[in-house]
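Below is one structure; the comments refer to it alone.
The values are calculated or read from the model by the stated rules, or taken from the named source; none is laboratory data. What you are looking at is a predicted structure, and each value in this text was computed from that prediction instead of being measured. Neighbour counts are summed over all protein chains in view; Cβ atoms, including those assigned to glycine, are modelled from backbone coordinates with ideal geometry.
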Amino acid sequence: MAIEDILMHDESLFSNINAFDPDYVPPNYNYRDSQMEGMALAIRPAIGGGQPSNLVVLGSCATGKTTAVKKVFELVEKNTTKVVCVYINCQIHTTKFGIFSQIYKKIFGHLPPETGVPFTRIYTKIMQYLQKEKKSLVLALDDVNYLFQGKVINKVFYDVLRAYEEFSGVKTSIFAILSDLEFRFAFDKNVTTVFIPNDVIFQPYSLSEIQSILTDRVNAGFFPNVISEEIIEEIAMYTYEKGDLRIGINLLRTCGNIAESEAAREITKEHLDKAIGSLVPIDLSQTLNSLNDTERALLDIIMDSEEIYTAGNLSELFKEEKGVSYATFNRTLEKLEFLRLIDTKFTGKGVRGNSREIIPRFTSNDYSKCRK
């Protein structure tokens, strides 16, 4: 089919192509009730004029953290005017001024001037509003690890959580959303005294949960009978093996686009194979780029070897090469497993019957493509 025909073809398999967008929030959001309850319990005191709790919302990529927070914030704002809920993506807004500008926009309906107005005036106006209206602020900082550079994170957390010292009666809390297991240890002492969070943990989705979620997206995004249950099941299995729900959602969209370009009325196995072949390991690249030097060094050792290491052998090698302690090794290994970059399999062959084999979750070829 010619390019012009692809661009102008007016028949579509999609009833709502936006259902496959990264920021799409499904009307039916399943399998995260307990996590959303934990968030609601943290906010609930603020509805009655009390102090909301701080949270660390922790989970690997594509486990539903962002969607759950947005859903809870939506419910809060639907049921009370006593709480101002602000969600901020820290990959986009990385400065103190940028973050407080978004808070200002949420409260007053527009951004503050970018020049000519000192930060203290913006900050004061925000806090005076909360103080006068007797409203609490719950601030969700998504991918908060992006604020680590230049100690921005300490400045933001300090200004939000210690606002009550200057503005009597102001109540604030922070939901820190991330996948970094060592997050809380990056703070100054002045912050750790006020940021004492509870944890809300998002475990990876099971295979059946992934298949159910993808089926919901199919029903929301495609016309009936466009894609079979068998194809959905294959996409779900592939997604589960890769450990990232976004891959499955992206495959659905790509399959639809390929089928449309061929003027097909349904998605076939051939379309799925083409879609998988066109995938670029973008999500793997993003995860790898989030690793620190120690984590990357350990993963390099695992991926550069053709043998399967046991945890004991790997710890000795890592200690010899990098001079780290066993505690650091173990914590780093747990981080790699939490991010689903590796699996650990207990073999029962060790001295104490609990030896673990270290198994990568992706190929050396994929790793070479993503390694910088």
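Within region 1-39, how many residues turn out to be farther than 15 Å from LYS71 by Cα, outside any loop (DSSP other than H, G, I, E, B) and either at pLDDT below 85 or out of contact with any Gly (no Cβ under 9 Å at 6 or more places or on another chain) (or both)? So the count comes out to 6. If the condition is being loosely packed, with under 14 Cβ neighbours inside 10 Å and in a loop (DSSP other than H, G, I, E, B), then region 109-160 contributes GLY109, HIS110, LEU111, PRO113, GLU114, THR115, GLY116, VAL117, PRO118, LYS134. Restricting attention to region 118-129, does a residue exist that is in contact with a strand residue (DSSP E or B) (Cβ under 9 Å, 6 or more places away or on another chain), in the same structural domain as GLY98 (by TED's automatic domain parsing) and aromatic (Phe, Trp, Tyr)? The answer is yes; a qualifying residue exists. You will find that of ALA42, ALA62, the residue that is in a loop (DSSP other than H, G, I, E, B), not basic (Lys, Arg) and not assigned by TED's automatic domain parsing to the domain that holds LEU336 is ALA62 and no other.
Each residue in region 224-243 was checked for being surrounded by 14 or more Cβ atoms within 10 Å (Cβ to Cβ) and either aromatic (Phe, Trp, Tyr) or in a helix (DSSP H, G or I) (or both), and 11 of them qualify.
For (1) acidic (Asp, Glu); (2) in contact (Cβ under 8 Å) with a residue 60 or more places away in the chain, each residue gets a yes or a no:
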| site | (1), (2) |
| --- | --- |
| PRO112 | no, no |
| TYR129 | no, no |
| TYR146 | no, no |
| ILE153 | no, no |
| GLU166 | yes, no |
| GLY169 | no, no |
| ALA176 | no, yes |
| LYS189 | no, no |
| PHE202 | no, yes |
